[in-house]
Each structure stands twice: as structure tokens, then as C-alpha cells.
């Protein structure tokens, strides 16, 4: 049976109306799909898997327990792969002592919290210990001097942190008397000054290189101050180029600067989230920007 043209036209118009009515829904669906794809890629990251396993809660009483046995417990309960930097490794400068004893009580805390508390009880002031993740998801544990041997280069865009909010205090003043006098002359071409008076002096704005140096000092003062090459350490270096910081450092330093984008959603409030946060305030009374932060973009559409 042949379909009449009017019927075909009606179907086409109905499809167009339905598409317009659901355009927003389709865009939302597209964003949800893109977000789902990003989540699946993040879930496939072996480092995320390791962190999720470190979120398992444990209860344990340690009474003069050997450090090696404690690390074995963490590895087995968390189904993890640990690379512990022991002091008897070949060519090691320093490391953890396998026979050091630990007395500690952990109740309903994540494995990661337990690991950090154990490291606090076993390290010395000379060479403190911490943990970090390798690209393959392996958990490295040991003195920072040993973990400093594995570094990666990351580029941080800081152009938003260098932006200075304009303070328009030097705008010219409108001279109303001059306006009235010129209006009363009826085009007579009389003398008199302009209707705008001279603006005031401009506010002094620090050069970009000064602001960059201040920001770099804040980072080095706040994140592992003793590990930076500029501070006499051997763990991390930092340079500035074209609005970006180029930082070569081990993972335990990078995570304190920018967090982990794949940190599990059930992370402890004490754990770092992903992304940078900055609060800025302008000197003008009517300009204040607060809570500026970087967020992931799940989807974008062109015009």
C-alpha cells in the first residue's frame, strides 16, 4: 500500500517537533555518556584500583609486631602489590627496618590510614617515610630519599592564579560645571577646559615575574619544603614558562599539589581531592571573586 504524501509530511513534522522538545534531553544524554566514558577510563586506571582497595576498613591490634609482618598484612588484606624500600636492599642508602616493632591500635579505619600511622611510628626525623603510586598501580612505601628516584614531569596551567582583578580607581571625573557652561554658550565656541578632568595615578600592579616567584615560594613552603632542589633537596624541581609551571617530582609531591583525579568517592575527608582551589579578592570594594576552582568538563558542543 502506498503512503500518501500528507501522511509522510505529518510524520516528518512530528519528528521535528519531538526533536525540538527533547533537544535538551539529548544534550544531557550526550554529556552523561561522555561522563560515563571518562568514569570508565578512570576506573580502568590501576592507580584508582589501588586507592579503592586502600579504602577498606580494618580493625587490628598491634603489640610489638614486626614491621615486615605489618606490611605483609596490608598487602594481603588489601590485595595489593607493595614495593617496600627495606634497608637491606642492594645498594640502598637507607630504608625501613624489617625487624622494627610496632605497637598500635586501629579500629574501623581504612588501610591507608593504618599505613600512614604505621609509618609515623616507625620513621625517624632524619629521613621520613611516606607512600606513592606508580603508573602500574604498585604501592611504593619507604623513605622519601628512596621514593625521590622515581619522578615524573607534570605541567600545571597557573594563568588563572596570575590574573589580577582590575581596580578602576583612575577613571577621569566628569566636570558638570564645564558641561553647563558649554551648553549656555549655544555653540559660541568659548574657551574653557574639557568636561573630563585628568585621571588619578594608576594603582601599582606587581610584574608577572614577581607574582610567579611568590606562587612558587608558596608551593615550596607548603609542600615538602626540604625536598625541592632550590631548597637544598633532591626530590623536585620547578620552572615557569608561558603561564605554566613545569614540575618534575615524585608522585607523593604531585598528589599534594593537585590531588588525584581518580580518588575514590568514599575517600576520607582528610584525603586530598582533585583539582586546585584558589580564593582571590580585589582591592576595589565592589569586586570580589571567591572559591575559584578547576572542574572537569564532561562534554562540549560547537555552535
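The values are calculated or read from the model by the stated rules, or taken from the named source; none is laboratory data. Model, not experiment: these values are computed from the prediction. Cβ coordinates were reconstructed from backbone atoms using ideal geometry, including for glycine residues, and neighbour counts include every protein chain displayed.
The set of residues in region 108-122 being surrounded by 19 or more Cβ atoms within 10 Å (Cβ to Cβ) and farther than 19 Å from residue 66 by Cα consists of 110 alone.
Inside region 123-133, can you point out the residues that are surrounded by 16 or more Cβ atoms within 10 Å (Cβ to Cβ) and not in a strand (DSSP E or B)? Within region 123-133, just 123 meets the criteria. Filtered by the rule that a residue be surrounded by 15 or more Cβ atoms within 10 Å (Cβ to Cβ) and free of Cβ contacts under 8 Å to residues at least 60 places away in the same chain, region 71-81 gives 73, 74, 75, 78, 80. Each residue in region 32-51 was checked for being modelled with pLDDT of 90 or more and crowded, with 16+ Cβ neighbours inside 10 Å, and 5 of them qualify. Candidates in region 52-70 are the residues that are assigned to a helix (DSSP H, G or I) and out of contact with any helix residue (DSSP H, G or I) (no Cβ under 8 Å at 6 or more places or on another chain); of these, the one that is surrounded by the fewest Cβ atoms within 10 Å (Cβ to Cβ) is 69.
Residues of region 98-119 that are over 16 Å from residue 130 (Cβ atoms) and outside any strand (DSSP E or B): 98, 99, 100.
Taken over region 212-232, the criterion of being closer than 23 Å to residue 139 by Cβ and touching a helix residue (DSSP H, G or I) at 6+ places or on another chain (Cβ under 6 Å) is satisfied by 223, 224.
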